[in-house]
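The structure appears below as structure tokens.
The values are calculated or read from the model by the stated rules, or taken from the named source; none is laboratory data. In this text the structure is predicted, and so the values were computed from the model without any measurement. Glycine also receives a Cβ, built like all others from the backbone with ideal geometry; neighbour counts cover every protein chain displayed.
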Amino acid sequence: MSDPAMPAARARRSLLKTDPGTSRRNAAERRFRAYGAAAVVVAMAALAALMFTVFRDGASAFVQARATIPVVIAADVVDPDGNRDPAEMAGVLTMSYGRLLDQALTREIERRNIQVEGLTQRDITGFLSAQARADLRRAVLADPALVGQEIEWRMMTSSRVDGMLKGRVTRDTAARDAKTSVAQYDLAMALRDQGVVRAGFNWRFITAPDGSDSRPESAGLGVAILGSLYMMLIVLVLALPIGVAASIWLEEFAPKNRLTDVIEVNISNLAAVPSIVFGILGLAAFINFVGLPRSAPIVGGLVLTLMTLPTIIIATRAALKAVPPSIRDAALGVGASRMQTVFHHVLPLAMPGILTGTILGLAQALGETAPLMLIGMVAFVSTYPSAPPQGLLDPASALPVQIYNWTQRADPAFFERASGAIIVLLAFLLAMNLIAIWLRRKFERRW
Amino acid sequence: MSLMKILASGLALLAVSATGAAARAQIQLAGSSTVLPYATIAAEAFADNTDFPAPVVEGGGSGAGIKQFCAGTGPRTIDIASSSRPITRAELASCHANGVARVIELRIGYDGIVFASGMGGPDFALTPQDIHRALAAQVIVDGQLVANPAVSWAEVNPALPARQIAVFVPGTKHGTREVFEEKVMAAGCEISGTRAALAAAEGQDAARAACVALRTDGRAVDIDGDYTETLARVDSNPDGIGVFGLSFYENNTSRLRVAPIDGVVPTVASVASGEYPVSRPLFLYVKADHFETIPGLREFAGFFALDAIAGPGGPLADYGLVPDPQLAEAQAAVAAEKIMGGN
């Protein structure tokens, strides 16, 4: 204050003119904002590119080409003994039903007077999905009265023909493709023009079980969605109560000492453990030691519970900490016990935070593949698990596992399916995040 | 309070589930990723044609599958291991040591290994000598053993196009790699005389390993992922040549240009006739100890070996399996419960 130079230095400055120091500072501020905005733009561009490619490749998985043709269920093929006994007729394999479908398609081509040059028997057989034979056999065994009749039968076409209607397979690629031919392409186009083959919405993609490598057209997400649902159920039922109980004790009751410090550090460490480690633990503990079956959602659920617990505990503790001490003091002050304080006042106020943390933990668990690999859930499962509780022990797959499996398969049609499955998984994650946001908005309180 | 109820019901649910853990309705199969597609196709057809549920099929590799298979008996262990190589003596011994006494071996067919470039790539006609000369770590130049100097195919063989050498080979955990080493690298080594030179310099055992050692200067790239990764690499590199399974190639002929080996183009027919040199047998190992406890296991083993499934014209051959001409042996092995290793 007593320095005589100070007022003199100040006198040279004007409020109306920015001196070099200020303009440098302002420039730095502008630059910083630009960096921030650029970071957001980069992140959004990456997200947009990802979304664009996933939707471009996967949207067509929700559409499926189907053919509707009259099929004669020839009695001499499906019931050679003529007794109409389903037990006897079960001896006729799907390959014979395939011949019925081939004949039906050939007749339909003649009836509609479609001329295609170079059409071979292989093109006809490869036109319809192998799933159609299995479906027809099942329908005939269920209703032997169909034998000898002509029925209008709607069935899926093979993945190559499906690709032709969607534009994935062109006349050029068909010429080079060993699994199809130009003649089959021309036939598909002719039948489309006559309205025999039509592309429509594909519910089977969401509800049907997985198809084998030779039947991409029949592959669906039904078993995977059920498996993921069962696992999320187990995670919710186990991780939420255990996580909340652990957090309440740590936050409200535990003494501050060495032991609780060690526990706290370990919980934070557990949250950072790679998920594959939990898979190894699951194999050793739940399958080899407890004796639970392989590929079962219960083991997957238990493994994911262990993985999600630290996330839930950390979120719950943060939510409990955010409740102001005055609430606790007031409750204790009017004579509530500590348990009453927690359950009547603290916990309800912390609930939105707890639920948000739980849902985000579940969403993370929903997207996990690595820990499921070791417990046999990365598998081809084409039978639905039954209803819980027995269904928890039946083999099932999971959504991310299905995506992983499909990207590994050779048939290019599975690439489309994998992208379609990503869309379904993203839809589930989006729904869960929206619920989390909604809960927070609805119940959140500010002090 | 409701929290306690949720916790209690959760634990009750767990307890109920654990008690039902004894029996198992589905057959479990794991192993070779080459056999994986055939196993899924057979599993699906089995469910289509019988009242049994479809078996659960896992990949993981031949070695991993056999290891799980040999871990013991009971519902917690798998019933069938698939493999793209025969089970080794040591593996079978560990099976027997763990109580897996009755193992039935089924050879279900053959798989070819093909060399293919992307659609933009040039036409190659290769021989094992060319491939060995291009990819081996050590080759003979002017009578001297030196580190492989070749950078383009034309240097290897003037008849080949003057393109950079870039070959994507399956990593060492793949069964395909073993066949590639044995049928291509070792064969090329032998024919070109490198083997003899190596043996003279380093002894027989070292020569065997040195013959199949790939160069590590980035011209031979190990692909540890699956064939879809190799396809992506070949797609993006016009000079690249990938090593694929025949069935993968058969499903992607519109994107791959295949190279004949010794003048033979790989097809199901040329592999079956033995004309195409690079092929290997595919096996199933069935745990006969489980025949009485796992419903449908005996039926599935028999079904897999049926002519209508694994034979010519069946769904597996349609997908790219090379049918085994001696399929009847596999059928007989299931029918007679032909146990491996004597008894």
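Points to keep in mind about this one:
- Members of the range A:395-408 that are at the interface with chain B (Cβ under 7 Å from one of its Cβ atoms) and not hydroxyl-bearing (Ser, Thr, Tyr): A:395, A:408
- Counted residues, the range A:105-123 - those being in a helix (DSSP H, G or I) and either within 17 Å of residue A:65 (Cβ to Cβ) or not assigned by TED's automatic domain parsing to the domain that holds residue A:193 (or both): 4
- Helices (runs of 4 or more DSSP H) (entirely within the range A:124-212) containing at least 3 residues that are closer than 20 Å to residue A:409 by Cα and at pLDDT 90 or above: A:159-166, A:204-207
- Checking each residue in the range B:146-162 for being among the aliphatic types (A, V, I, L, M) and in a strand (DSSP E or B) picks out B:146, B:147.
- Against the numbered list (1) touching a Ser or Thr at 6+ places or on another chain (Cβ under 8 Å); (2) surrounded by 21 or more Cβ atoms within 10 Å (Cβ to Cβ); (3) without any contact (Cβ under 8 Å) to a residue 60 or more places away in the chain, residue A:307 comes up short only at (3).
- Of all residues in the range A:141-153, those that are surrounded by 12 or more Cβ atoms within 10 Å (Cβ to Cβ) have Cβ atoms under 7 Å from Cβ atoms of residues that are basic (Lys, Arg) and part of a loop (DSSP other than H, G, I, E, B), 6 or more apart or on another chain, in A:144/A:84; A:147/A:84.
- So residue B:221, is it surrounded by 15 or more Cβ atoms within 10 Å (Cβ to Cβ) and assigned to a strand (DSSP E or B): yes
- If you go through the range B:231-255 and keep only what is touching a Pro at 6+ places or on another chain (Cβ under 7 Å) and not in a loop (DSSP other than H, G, I, E, B), you end up with B:243, B:246, B:247.
- Subset of the range A:281-294 [within 15 Å of residue A:374 (Cα to Cα), aliphatic (A, V, I, L, M) and within 14 Å of another protein chain (Cβ to nearest Cβ)]: A:283, A:284, A:285, A:287, A:292
- Unique residue being of a type outside the set (S, T, N, Q), assigned to a helix (DSSP H, G or I) and not assigned by TED's automatic domain parsing to the domain that holds residue A:188 when the list is A:77, A:42: A:42
- Test: residue in the range B:316-332 that is within 21 Å of residue B:113 (Cα to Cα), assigned to a helix (DSSP H, G or I) and touching a Ser or Thr at 6+ places or on another chain (Cβ under 6 Å): yes
- Scoring residue B:258 on the criteria (1) touching an Asp or Glu at 6+ places or on another chain (Cβ under 8 Å); (2) closer than 20 Å to residue A:409 by Cα; (3) assigned to a strand (DSSP E or B) leaves a single failure, condition (1).
- Residue match in the range A:124-138 (condition: surrounded by 17 or more Cβ atoms within 10 Å (Cβ to Cβ), of a type in the set (Gly, Ala, Ser), in the same structural domain as residue A:69 (by TED's automatic domain parsing) and touching a strand residue (DSSP E or B) at 6+ places or on another chain (Cβ under 6 Å)): yes
- Residue identified as of a type in the set (Val, Ile, Thr), at pLDDT 90 or above and farther than 14 Å from residue A:364 by Cα among A:312, A:263: A:263
- The listed residues are A:323, A:273, and the only one of them that is exposed (fewer than 15 other Cβ atoms within 10 Å of the Cβ) and assigned to a loop (DSSP other than H, G, I, E, B) turns out to be A:273.
This table checks each residue for (1) farther than 14 Å from residue A:304 by Cβ; (2) within 11 Å of chain B (Cβ to nearest Cβ).
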residue: A:235; (1), (2): no, yes
residue: A:238; (1), (2): no, yes
residue: A:245; (1), (2): yes, yes
residue: A:255; (1), (2): yes, no
residue: A:258; (1), (2): yes, no
residue: A:262; (1), (2): yes, no
residue: A:266; (1), (2): yes, no
residue: A:275; (1), (2): no, no
residue: A:279; (1), (2): no, no
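- Qualifying residue in the range A:365-387 (condition: closer than 17 Å to residue A:438 by Cβ and not aromatic (Phe, Trp, Tyr)): no
- Only one entry of A:422, A:437 meets the criterion of being of a type in the set (Val, Ile, Thr), farther than 17 Å from residue A:61 by Cβ and more than 14 Å from every other protein chain (Cβ to nearest Cβ), and that entry is A:437.
- The residues of the range B:273-307 that are assigned to a helix (DSSP H, G or I) and in contact with a Ser or Thr (Cβ under 9 Å, 6 or more places away or on another chain), listed by number, are B:289, B:290, B:299, B:300, B:303.
- Check on residue A:298, over 30 Å from residue A:215 (Cβ atoms) and in a helix (DSSP H, G or I): no
- Candidate set: the range A:353-377, residues that are crowded, with 23+ Cβ neighbours inside 10 Å and within 10 Å of chain B (Cβ to nearest Cβ); chosen: the one nearest to the chain's Cα centre (by Cα): A:377
- Tally of residues being surrounded by 12 or more Cβ atoms within 10 Å (Cβ to Cβ) and more than 30 Å from residue A:106 (Cα to Cα) across the range A:29-76: 8
- For the range A:372-408, the tally of residues that are part of a loop (DSSP other than H, G, I, E, B) and aromatic (Phe, Trp, Tyr) stands at 1.
- Applying the condition of being touching a helix residue (DSSP H, G or I) at 6+ places or on another chain (Cβ under 6 Å) and without any contact (Cβ under 8 Å) to a residue 60 or more places away in the chain to the range B:213-227 and asking which residue is farthest from the other protein chains (Cβ to nearest Cβ) yields B:223.
- Residues of the range A:172-221 satisfying the condition of being more than 11 Å from every other protein chain (Cβ to nearest Cβ), among the polar types (S, T, N, Q), more than 23 Å from residue A:119 (Cβ to Cβ) and touching a residue at least 40 places away in the same chain (Cβ under 8 Å): A:202
Results for (1) touching a helix residue (DSSP H, G or I) at 6+ places or on another chain (Cβ under 9 Å); (2) at pLDDT below 90, shown as yes or no for each residue.
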residue	(1), (2)
B:38	yes, no
B:64	no, yes
B:77	yes, yes
B:83	yes, no
B:100	yes, no
B:109	yes, no
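- Wholly within the range B:35-145, strands (runs of 3 or more DSSP E) carrying at least 1 residues that are surrounded by 19 or more Cβ atoms within 10 Å (Cβ to Cβ) and among the aromatic types (Phe, Trp, Tyr): B:103-118
- Residues in the range B:183-212 that are free of Cβ contacts under 8 Å to residues at least 12 places away in the same chain, exposed (fewer than 13 other Cβ atoms within 10 Å of the Cβ) and small (Gly, Ala, Ser): B:200, B:203, B:206, B:209.
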